[in-house]
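The values are calculated or read from the model by the stated rules, or taken from the named source; none is laboratory data. What you see is a predicted model; the values in this text were computed from it and never measured. All Cβ positions, glycine included, derive from the backbone under ideal geometry; neighbour counts span all protein chains shown.
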Amino acid sequence: MLRLDRVSAGYGRAQVLRDLSLEVKAGEILCLLGRNGAGKSTTMRAIMGLLPLMSGTIWLGERSLSALPAHEVPRAGVGYVPQGRRLFADLTVAQNLEIGLMARQSGPEVREQVLTLFPRLRDRLGQKAQTLSGGEQQMLAMARALCLRPEVLLLDEPTEGLQPSMIAAIREVITALRAEGVAVLLVEQRVDAVLEVADRVAFLENGQGGAVMSAEALRADRGLVDRYVGV
């Protein structure tokens, strides 16, 4: 389980997160919703140790992630697919996957499992990442993160700019990971897409935690979407 306990963080003197508490259980998809600038991506970066905390603690089970340097957080079992993917563009698909495997010394069986989830990548192992379509690049970013054998997977806008067939393929993988017990924290602006896969939804407003509710309850009361996400 991933747990944020009264976390405050920001950029220099600019505080973005204010006493944010949040938890994602094993085998659960929790979606983080909020307006632009609410602190969603900042939350992801804070979890990964890419931002120093001003206060609070981030836990993975009984282990404090906030006590680790940033390069140790993936080794602890946290996979991260940032907005914009951040692949090694000049490296091949196979080389990008190899970098993911190295982080936790994963074996070839993990690579095979990942390619089974993303069969499209198997046919493109020798291609450079920059030659892939946008959807294929997103698949590669997710596949690289899964090479860590993560207990927790952070996904920041994974369907942004993708065609419906690619969105459907990524959604299938996310739900398969949930079935395997992976905790998934998902930032997504497409509310309708979120409600199809999420178990719970947590709202962020001005860097502070808002309502947390089941996706089923949100489908029954869309007013909260307008309150926290509407313009």
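Any residue at all in the stretch 131-146 that is modelled with pLDDT of 95 or more, surrounded by fewer than 18 Cβ atoms within 10 Å (Cβ to Cβ) and more than 16 Å from the chain's Cα centre (by Cα)?
Yes - at least one qualifying residue is present in the stretch 131-146.
Assess whether Leu204 counts as being crowded, with 19+ Cβ neighbours inside 10 Å, closer than 30 Å to Pro108 by Cβ and at pLDDT below 95. Give the derivation first.
Details: crowded, with 19+ Cβ neighbours inside 10 Å: yes; closer than 30 Å to Pro108 by Cβ: no; at pLDDT below 95: yes.
Taking the combined requirement at face value, the residue does not satisfy it.
Hey, among Arg13, Arg63, which residue is surrounded by fewer than 20 Cβ atoms within 10 Å (Cβ to Cβ) and in contact with a helix residue (DSSP H, G or I) (Cβ under 7 Å, 6 or more places away or on another chain)?
Values: Arg13 fails: in contact with a helix residue (DSSP H, G or I) (Cβ under 7 Å, 6 or more places away or on another chain).
Answer to the check: Arg63.
Based on what the data block shows, is Met213 more than 30 Å from Ser55 (Cβ to Cβ) and either of a type outside the set (S, T, N, Q) or out of contact with any Leu (no Cβ under 7 Å at 6 or more places or on another chain) (or both)? Break it down stepwise before answering.
On the way: more than 30 Å from Ser55 (Cβ to Cβ): no; either of a type outside the set (S, T, N, Q) or out of contact with any Leu (no Cβ under 7 Å at 6 or more places or on another chain) (or both): yes.
So Met213 does not fit the description; no.
Hey, can you tell me all the residues within the stretch 151-178 that are of a type in the set (Asp, Glu), surrounded by fewer than 20 Cβ atoms within 10 Å (Cβ to Cβ) and not in a loop (DSSP other than H, G, I, E, B)?
Glu172
Kindly list the number of the only condition in (1) under 20 Å from Glu180 (Cβ atoms); (2) of a type outside the set (Ser, Thr, Tyr); (3) modelled with pLDDT of 95 or more that fails for Leu125.
It fails just one condition, (1).
Determine whether the stretch 30-48 contains at least one residue that is of a type outside the set (Ser, Thr, Tyr), more than 30 Å from Asp192 (Cα to Cα) and buried (at least 20 other Cβ atoms within 10 Å of the Cβ). Working first, answer last.
We begin by selecting, within the stretch 30-48, every residue of a type outside the set (Ser, Thr, Tyr); these are 30-40, 44-48.
After this cut, where a residue has to be more than 30 Å from Asp192 (Cα to Cα) as well, the list is none.
The answer is no, given that none of the residues of the stretch 30-48 is of a type outside the set (Ser, Thr, Tyr), more than 30 Å from Asp192 (Cα to Cα) and buried (at least 20 other Cβ atoms within 10 Å of the Cβ).
Can you go through Leu186, Leu140, Leu148, Leu115 and tell me which one is assigned to a helix (DSSP H, G or I), in contact with a helix residue (DSSP H, G or I) (Cβ under 8 Å, 6 or more places away or on another chain) and under 26 Å from Leu65 (Cβ atoms)? Give the derivation first.
On the way: Leu186 fails: assigned to a helix (DSSP H, G or I); Leu148 fails: assigned to a helix (DSSP H, G or I); Leu115 fails: under 26 Å from Leu65 (Cβ atoms).
Testing whether each residue is assigned to a helix (DSSP H, G or I), in contact with a helix residue (DSSP H, G or I) (Cβ under 8 Å, 6 or more places away or on another chain) and under 26 Å from Leu65 (Cβ atoms) leaves just Leu140.
So which of Arg120, Arg75 ends up being of a type in the set (D, E, K, R) and closer than 24 Å to Thr175 by Cβ? Full working, then the answer.
On the way: Arg75 fails: closer than 24 Å to Thr175 by Cβ.
The unique qualifying residue is Arg120.
Among the candidates Leu50, Leu68, single out the residue that is over 16 Å from the mean Cα position of the chain (by Cα) and over 27 Å from Ala179 (Cα atoms).
On the way: Leu50 fails: over 16 Å from the mean Cα position of the chain (by Cα).
Just one listed residue meets the conditions, Leu68.
Limited to the stretch 118-137, what total is found for residues that are in a helix (DSSP H, G or I) and either in contact with a Gly (Cβ under 8 Å, 6 or more places away or on another chain) or of a type outside the set (A, V, I, L, M) (or both)?
Filtering the stretch 118-137 down to residues in a helix (DSSP H, G or I) leaves 119-122, 129-131, 134-137.
Subset that is either in contact with a Gly (Cβ under 8 Å, 6 or more places away or on another chain) or of a type outside the set (A, V, I, L, M) (or both): 119-120, 122, 130-131, 134-137.
The number of residues fulfilling the criteria is 9.
What's the number of the only condition in (1) assigned to a helix (DSSP H, G or I); (2) in contact (Cβ under 8 Å) with a residue 40 or more places away in the chain; (3) closer than 21 Å to Glu180 by Cα; (4) among the polar types (S, T, N, Q) that Ser106 fails to meet?
Tallying (1) assigned to a helix (DSSP H, G or I); (2) in contact (Cβ under 8 Å) with a residue 40 or more places away in the chain; (3) closer than 21 Å to Glu180 by Cα; (4) among the polar types (S, T, N, Q), Ser106 fails exactly one: (1).
Considering only the stretch 85-124, state which residues are on the phi > 0 side of the Ramachandran plot and loosely packed, with under 13 Cβ neighbours inside 10 Å. If you could, list the steps in order and put the result at the bottom.
From the stretch 85-124, those on the phi > 0 side of the Ramachandran plot are 85-86, 105; that's our starting set.
Within the stretch 85-124, Arg86, Gln105 qualify.
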